[in-house]
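Student: Here's a structure for you.
Here, each number is a calculation from the coordinates, and none is a lab measurement. What you are looking at is a predicted structure, and each value in this text was computed from that prediction instead of being measured. Because the Cβ atoms are built from the backbone with ideal geometry, glycine has one as well, and the counts that use them run over all protein chains shown.
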Amino acid sequence: MIVESTQNRHVKRLRALATRKGRRTHGQFLVEGVRALEEALAGGLELATVAHCSALIASERAAELARELAASGAQVLEMAQAPFRAFSQVQAPEGIAAAVTIPATGLDDLPADADLLVAAVDVRDPGNMGALLRTADAAGAQGFIAAGNCVDLYDPKVVRATAGSIFHLPAVDDVSIAELPGWARAQGMRSIAACLDDALPHTAIRYPRRALVMVGNEANGLPAEVAGEADVRAYIAMPGRAQSLNVAVAAGVLIWEILRQRGRTNDSDGEK
């Protein structure tokens, strides 16, 4: 049976996943395209409902994936173009998408022996948040934290901007900014704040063996109460005329200095 109506209850639910309220209500987020769905499956996430539109599928792999999912027992709905496009968030849909269950991950679920975690504080731009997640994944971080007033980690634009990285590492959403530095200390980690006030050049610091790297939002940086509680404060010198770096770029520069130091035996406890 093919879903023909844009008012079908499944279509309405998939459409609701474009909003934060809808994602919270259903405990699911929208994933579109072959590669993203394969990454979600590889990451062990549950595909609650799969939507498939034969008229939009341009690759044999998409059709094959739909058959594999149906054979696995997943709920696979065949849809006409109109209802599929009614919930799709991309201009050129690949004809396959799914409602994926949001992992119930809290701070206590992050690896107890993690030596690198990345925290975004008040980051509101979906592209920047996705790039931060991708940077953390590329650096081998063992977890990602969104604290304060951040864009939803499972916003469709964030999910696309991560290029699959959101499926690779545990991510914790809706964390209070007040608890970040203290939580890190309780885990035996030290917090690194990317900021300007009372900070040292990022290359002049010997970093700790276990670090929580914290970066702030696009306009205002880290809140003073977070930066002030950090164990280490670092700034990145900019010899050019730009007044600031993109937050994901800044995080990458800082994190790769930490990785560079770790590549040459670092027994420091992170003292300045």
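Student: Alpha carbon centre of region 194-217 versus region 40-99: separation in Å?
Tutor: 43 Å
Student: Write down the percent of antiparallel bridges among all DSSP beta bridges whose residues are both part of region 192-251, to the nearest 5.
Tutor: Values: 1 of 8 bridges.
Approximately 10 percent, going by the DSSP bridge assignments.
Student: What is the distance, in nm, between label points placed 7 Å from the Cα along the Cα-to-Cβ direction at Arg206 and at Ala82?
Tutor: Distance between label points: 7.0 nm.
Student: Could I ask something else about it? How far, in degrees from 0 to 90, does helix 126-138 lean away from the longest principal axis of the Cα atoms of the chain, to the nearest 10?
Tutor: Tilt relative to the chain: about 70 degrees.
Student: Another question, if that's okay. Only one of the values (1) 1.04; (2) 1.17; (3) 1.00 was calculated from this structure for Rg/Rh (Cα atoms, Kirkwood Rh); name its label.
Tutor: It is the one labelled (1).
Student: Find how much the distance from Trp256 to Asp173 grows on full extension, using 0.36 nm per residue of separation minus their present alpha carbon separation; answer in nm with one decimal. Write down the numbers at each step before the final one.
Tutor: Working: separation 83, 0.36 × 83 = 29.88 nm, distance 2.42 nm.
Taking Trp256 through Asp173 to full extension adds about 27.5 nm, to one decimal.
Student: A further question on this structure: Mind checking which of Pro156, Ile258, Gly27 is farthest towards the positive end of the chain's charge dipole, using Cβ charges of +1 (Lys, Arg) and -1 (Asp, Glu) about the Cα centre?
Tutor: Result: Pro156, furthest along the dipole toward the positive end.
Student: When only C-alpha pairs under 8 Å and at least 6 residues apart count, what is the relative contact order of region 2-101, in percent? Don't jump to the answer; show the numbers that get you there.
Tutor: Details: 169 pairs, mean separation 45.6, N = 100.
Relative CO of region 2-101 lands at 46 percent.
Student: Order by neighbour count: His52, His10, fewest other Cβ atoms within 10 Å first, most last.
Tutor: Values: His52 24, His10 17.
Neighbour counts put them in this order, fewest first: His10, His52.
Student: Let's test the formula: R0 of 30 Å, r as the Cβ-Cβ distance of Glu225 and Ala138. What FRET efficiency results, to the nearest 0.05? Mind showing how you got there, number by number?
Tutor: Details: r = 30 Å, r/R0 = 0.98.
After rounding, the FRET efficiency stands at 0.50.
Student: Here is a further query. Please arrange Met238, Met214 by counting, for each residue, the other beta carbons lying within 10 Å of its beta carbon, fewest first.
Tutor: Details: Met238 11, Met214 30.
In increasing order of surrounding Cβ atoms, one gets Met238, Met214.
Student: Right, something else. Tell me, Ile96, Ile258 in order of fewest to most beta-carbon neighbours within 10 Å?
Tutor: Working: Ile96 27, Ile258 21.
Lowest count first: Ile258, Ile96.
Student: Charges at C-beta only: +1 for Lys and Arg, -1 for Asp and Glu. How large is the resulting dipole of region 107-262 about its Cα centre, in Debye rounded to 20? Please report the intermediate quantities before stating the final value.
Tutor: Working: 13 positive and 19 negative charges, 144 e Å.
Charge dipole of region 107-262: 700 debye, to the nearest 20.
Student: Among DSSP bridges having both ends in region 107-262, what percentage is antiparallel? Round to the nearest 5. Please report the intermediate quantities before stating the final value.
Tutor: Numbers: 1 of 23 bridges.
Just about 5 percent of them are antiparallel.
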